[in-house]
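Undergrad: My questions all concern the structure below.
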Amino acid sequence: MSNSTVDASKRTWLIASGCAGAIGGAFTAVPFVSSFQPSERAKAAGAPVEVDISALKPGEKMTVEWRGKPVWIMRRTPEQVAALPKLDGQLADPKSDRTAYPTPEYAKNEARSIKPEIFVAVGICSHLGCSPTDKLQAGPQPSLPDDWQGGFLCPCHGSTFDLAGRVYKNKPAPDNLEVPPHMYLSDTRLLVGEDKKA
(Lines give C-alpha, C1' and ligand atoms only; values in the text may rest on other atoms or scores of the structure.)
Protein backbone atom coordinates (compact mmCIF):
# COMPACT_ATOMS: atom_id res chain seq x y z
CA MET A 1 0.00 0.00 0.00
CA SER A 2 1.49 3.36 -0.99
CA ASN A 3 1.51 6.51 1.13
CA SER A 4 -0.89 8.25 -1.24
CA THR A 5 -3.50 5.51 -0.65
CA VAL A 6 -3.11 5.85 3.14
CA ASP A 7 -3.32 9.66 2.91
CA ALA A 8 -6.45 9.49 0.70
CA SER A 9 -8.24 7.09 3.05
CA LYS A 10 -7.11 9.09 6.08
CA ARG A 11 -8.38 12.29 4.43
CA THR A 12 -11.74 10.62 3.62
CA TRP A 13 -12.00 9.41 7.22
CA LEU A 14 -11.19 12.90 8.56
CA ILE A 15 -13.78 14.54 6.29
CA ALA A 16 -16.44 11.96 7.24
CA SER A 17 -15.77 12.26 10.96
CA GLY A 18 -15.64 16.07 10.67
CA CYS A 19 -19.06 16.10 8.95
CA ALA A 20 -20.52 13.76 11.57
CA GLY A 21 -19.09 15.98 14.31
CA ALA A 22 -20.58 19.10 12.72
CA ILE A 23 -24.00 17.45 12.39
CA GLY A 24 -23.85 16.15 15.98
CA GLY A 25 -22.75 19.58 17.19
CA ALA A 26 -25.68 21.22 15.38
CA PHE A 27 -28.15 18.78 16.98
CA THR A 28 -26.60 19.46 20.39
CA ALA A 29 -26.64 23.23 19.88
CA VAL A 30 -30.34 23.44 18.97
CA PRO A 31 -31.66 22.22 22.34
CA PHE A 32 -28.91 24.17 24.13
CA VAL A 33 -29.84 27.46 22.43
CA SER A 34 -33.58 26.86 22.78
CA SER A 35 -33.10 26.24 26.51
CA PHE A 36 -32.34 29.97 26.83
CA GLN A 37 -35.79 30.86 25.53
CA PRO A 38 -38.66 30.77 28.07
CA SER A 39 -41.01 27.85 27.61
CA GLU A 40 -44.67 28.39 26.76
CA ARG A 41 -45.50 27.31 30.31
CA ALA A 42 -43.09 29.88 31.74
CA LYS A 43 -44.52 32.61 29.51
CA ALA A 44 -48.03 31.74 30.65
CA ALA A 45 -47.14 31.45 34.34
CA GLY A 46 -47.49 35.18 34.99
CA ALA A 47 -50.11 35.94 32.38
CA PRO A 48 -53.78 36.44 33.27
CA VAL A 49 -56.00 33.38 32.81
CA GLU A 50 -59.36 33.64 31.07
CA VAL A 51 -62.00 31.30 32.50
CA ASP A 52 -65.43 30.31 31.17
CA ILE A 53 -67.75 30.04 34.20
CA SER A 54 -70.97 29.47 32.25
CA ALA A 55 -71.20 25.78 33.27
CA LEU A 56 -70.59 26.46 36.98
CA LYS A 57 -73.79 25.60 38.86
CA PRO A 58 -74.77 26.97 42.31
CA GLY A 59 -72.78 25.16 44.99
CA GLU A 60 -70.05 24.06 42.55
CA LYS A 61 -66.37 25.00 42.56
CA MET A 62 -63.72 24.80 39.85
CA THR A 63 -59.95 25.25 40.04
CA VAL A 64 -57.67 26.96 37.51
CA GLU A 65 -53.93 27.60 37.66
CA TRP A 66 -52.53 31.12 37.79
CA ARG A 67 -48.83 31.83 38.49
CA GLY A 68 -48.43 28.21 39.53
CA LYS A 69 -51.12 28.55 42.21
CA PRO A 70 -54.56 26.93 42.39
CA VAL A 71 -57.30 29.54 42.06
CA TRP A 72 -60.76 28.51 43.20
CA ILE A 73 -63.87 29.85 41.52
CA MET A 74 -67.09 28.97 43.32
CA ARG A 75 -70.68 29.82 42.53
CA ARG A 76 -72.27 30.12 45.96
CA THR A 77 -75.96 29.43 46.48
CA PRO A 78 -78.20 32.26 47.73
CA GLU A 79 -78.35 30.43 51.09
CA GLN A 80 -74.55 30.29 51.31
CA VAL A 81 -74.27 34.03 50.57
CA ALA A 82 -76.99 34.82 53.14
CA ALA A 83 -75.13 32.84 55.85
CA LEU A 84 -71.86 34.83 55.52
CA PRO A 85 -72.78 37.85 57.73
CA LYS A 86 -73.88 35.51 60.56
CA LEU A 87 -70.29 34.24 60.94
CA ASP A 88 -68.52 37.57 61.61
CA GLY A 89 -68.23 36.99 65.38
CA GLN A 90 -66.41 33.67 64.82
CA LEU A 91 -63.86 34.99 62.35
CA ALA A 92 -60.36 36.41 62.96
CA ASP A 93 -60.62 39.09 60.23
CA PRO A 94 -64.25 39.33 59.04
CA LYS A 95 -63.74 42.65 57.18
CA SER A 96 -60.42 41.64 55.51
CA ASP A 97 -58.50 44.48 57.18
CA ARG A 98 -55.20 42.61 57.59
CA THR A 99 -52.60 43.44 54.99
CA ALA A 100 -50.37 40.35 54.65
CA TYR A 101 -52.61 39.34 51.72
CA PRO A 102 -54.22 42.66 50.78
CA THR A 103 -57.78 42.19 49.57
CA PRO A 104 -58.66 44.23 46.46
CA GLU A 105 -61.07 47.09 47.22
CA TYR A 106 -63.80 45.52 45.07
CA ALA A 107 -63.68 42.42 47.32
CA LYS A 108 -63.67 44.25 50.68
CA ASN A 109 -67.23 43.26 51.43
CA GLU A 110 -69.05 40.48 53.27
CA ALA A 111 -68.81 38.10 50.30
CA ARG A 112 -65.21 39.11 49.44
CA SER A 113 -66.18 39.23 45.78
CA ILE A 114 -67.30 41.46 42.91
CA LYS A 115 -70.53 39.49 42.46
CA PRO A 116 -71.88 38.03 45.73
CA GLU A 117 -72.49 34.59 44.25
CA ILE A 118 -69.05 34.19 42.59
CA PHE A 119 -66.11 33.68 44.97
CA VAL A 120 -62.54 33.78 43.61
CA ALA A 121 -59.60 32.91 45.88
CA VAL A 122 -56.11 31.43 45.82
CA GLY A 123 -56.54 27.96 47.35
CA ILE A 124 -53.43 28.10 49.55
CA CYS A 125 -53.59 28.32 53.34
CA SER A 126 -51.91 31.43 54.78
CA HIS A 127 -50.26 29.31 57.48
CA LEU A 128 -47.71 27.04 55.75
CA GLY A 129 -48.91 26.94 52.15
CA CYS A 130 -50.99 23.75 52.24
CA SER A 131 -54.11 23.52 50.09
CA PRO A 132 -57.34 23.38 52.12
CA THR A 133 -59.96 20.77 51.25
CA ASP A 134 -63.60 21.42 50.44
CA LYS A 135 -66.02 21.06 53.32
CA LEU A 136 -68.85 22.78 51.48
CA GLN A 137 -71.69 20.86 53.13
CA ALA A 138 -73.15 22.52 56.25
CA GLY A 139 -73.62 20.53 59.47
CA PRO A 140 -71.52 18.47 61.89
CA GLN A 141 -68.53 16.66 60.40
CA PRO A 142 -65.24 15.25 61.74
CA SER A 143 -62.69 17.99 62.62
CA LEU A 144 -65.36 20.69 62.28
CA PRO A 145 -67.71 22.47 64.71
CA ASP A 146 -71.28 21.20 65.06
CA ASP A 147 -72.67 24.48 63.69
CA TRP A 148 -70.48 24.32 60.55
CA GLN A 149 -71.95 26.44 57.73
CA GLY A 150 -69.71 25.14 54.95
CA GLY A 151 -66.25 26.24 53.90
CA PHE A 152 -62.74 24.87 53.74
CA LEU A 153 -60.51 22.87 56.11
CA CYS A 154 -56.71 22.84 55.94
CA PRO A 155 -55.85 19.25 56.92
CA CYS A 156 -52.24 20.10 57.83
CA HIS A 157 -52.94 22.02 61.06
CA GLY A 158 -56.73 22.39 61.23
CA SER A 159 -57.28 25.95 60.02
CA THR A 160 -60.84 26.52 58.88
CA PHE A 161 -62.20 29.10 56.45
CA ASP A 162 -65.76 30.12 55.61
CA LEU A 163 -67.19 30.23 52.08
CA ALA A 164 -65.66 33.70 51.62
CA GLY A 165 -62.18 32.39 52.51
CA ARG A 166 -62.17 34.14 55.90
CA VAL A 167 -60.22 32.31 58.61
CA TYR A 168 -61.90 31.38 61.87
CA LYS A 169 -60.52 32.68 65.19
CA ASN A 170 -57.87 30.76 67.15
CA LYS A 171 -56.55 28.87 64.14
CA PRO A 172 -52.92 28.57 62.98
CA ALA A 173 -53.59 30.43 59.70
CA PRO A 174 -52.82 34.11 60.32
CA ASP A 175 -54.86 35.46 57.42
CA ASN A 176 -57.82 34.97 55.14
CA LEU A 177 -57.32 33.25 51.79
CA GLU A 178 -55.92 35.58 49.16
CA VAL A 179 -58.33 37.11 46.65
CA PRO A 180 -56.34 37.49 43.40
CA PRO A 181 -56.87 40.42 41.05
CA HIS A 182 -59.71 39.53 38.71
CA MET A 183 -62.42 41.05 36.58
CA TYR A 184 -65.38 40.04 34.44
CA LEU A 185 -65.04 40.20 30.67
CA SER A 186 -68.72 39.23 30.37
CA ASP A 187 -71.34 37.50 32.53
CA THR A 188 -69.75 34.14 31.74
CA ARG A 189 -66.05 35.00 31.27
CA LEU A 190 -63.71 35.82 34.12
CA LEU A 191 -60.12 37.08 33.84
CA VAL A 192 -57.91 36.00 36.77
CA GLY A 193 -54.67 37.95 37.27
CA GLU A 194 -55.76 41.34 36.00
CA ASP A 195 -58.36 43.79 37.21
CA LYS A 196 -57.93 46.88 35.04
CA LYS A 197 -58.92 47.18 31.42
CA ALA A 198 -56.04 48.32 29.22
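Undergrad: Any residue in the range 94-111 that's touching a residue at least 12 places away in the same chain (Cβ under 8 Å): show its pairings with residues that are of a type in the set (G, A, S) at Cβ separation under 6 Å, as long as the two are six or more apart or on different chains.
TA: Going by the 6 Å Cβ cut-off, the qualifying pairs are T103/S96; A107/S113; K108/S96; A111/A164.
Undergrad: When you look at E79, is it exposed (fewer than 15 other Cβ atoms within 10 Å of the Cβ) and either on the phi > 0 side of the Ramachandran plot or assigned by TED's automatic domain parsing to the domain that holds S54 (or both), yes or no?
TA: Working: exposed (fewer than 15 other Cβ atoms within 10 Å of the Cβ): yes; either on the phi > 0 side of the Ramachandran plot or assigned by TED's automatic domain parsing to the domain that holds S54 (or both): yes.
Considered against the rule, which asks whether it is exposed (fewer than 15 other Cβ atoms within 10 Å of the Cβ) and either on the phi > 0 side of the Ramachandran plot or assigned by TED's automatic domain parsing to the domain that holds S54 (or both), E79 comes out as yes.
Undergrad: Name the single residue, out of those in the range 152-165 being within 18 Å of the chain's Cα centre (by Cα) and within 22 Å of T77 (Cα to Cα), that is surrounded by the fewest Cβ atoms within 10 Å (Cβ to Cβ). I'd like the intermediate steps shown before the answer.
TA: Applying the first criterion (within 18 Å of the chain's Cα centre (by Cα)) to the range 152-165 yields 152-154, 161, 163-165.
Within this subset, residues satisfying the condition of being within 22 Å of T77 (Cα to Cα) are 152-153, 161, 163-165.
Numbers: F152: 24, L153: 19, F161: 24, L163: 25, A164: 29, G165: 28.
Here the residue is L153.
Undergrad: Got a number for residues in the range 156-168 being at pLDDT 90 or above and part of a loop (DSSP other than H, G, I, E, B)?
TA: The total comes to 4.
Undergrad: Another one. For the range 174-198, which positions are assigned to a loop (DSSP other than H, G, I, E, B) and among the charged types (D, E, K, R)?
TA: Residues satisfying the conditions are D175, E178, D187, E194, D195, K196, K197.
Undergrad: Quick check on this structure: which one of S4, S54 is modelled with pLDDT of 90 or more, exposed (fewer than 10 other Cβ atoms within 10 Å of the Cβ) and among the hydroxyl-bearing types (S, T, Y)?
TA: Values: S4 fails: modelled with pLDDT of 90 or more.
After ruling out the rest, the residue left standing is S54.
Undergrad: Which condition number does V120 fail, the rest of (1) over 19 Å from L56 (Cβ atoms); (2) outside any loop (DSSP other than H, G, I, E, B) being met?
TA: Every condition holds for V120 apart from (1).
Undergrad: Quick one: in the range 123-155, of everything that is among the charged types (D, E, K, R) and assigned to a strand (DSSP E or B), which residue is modelled with the lowest pLDDT? Write out each step before concluding.
TA: Here is the first cut: in the range 123-155, the ones among the charged types (D, E, K, R) are 134-135, 146-147.
Subsequent filtering for residues that are assigned to a strand (DSSP E or B) retains 134-135.
Values: D134: 78, K135: 83.
Applying the filter and picking the extreme gives D134.
The values are calculated or read from the model by the stated rules, or taken from the named source; none is laboratory data. Bear in mind that the values here come from a model prediction, so they are computed numbers and not experimental data. Note that each Cβ is placed from the backbone with ideal geometry, even for glycine, and that neighbours are counted across all protein chains shown.
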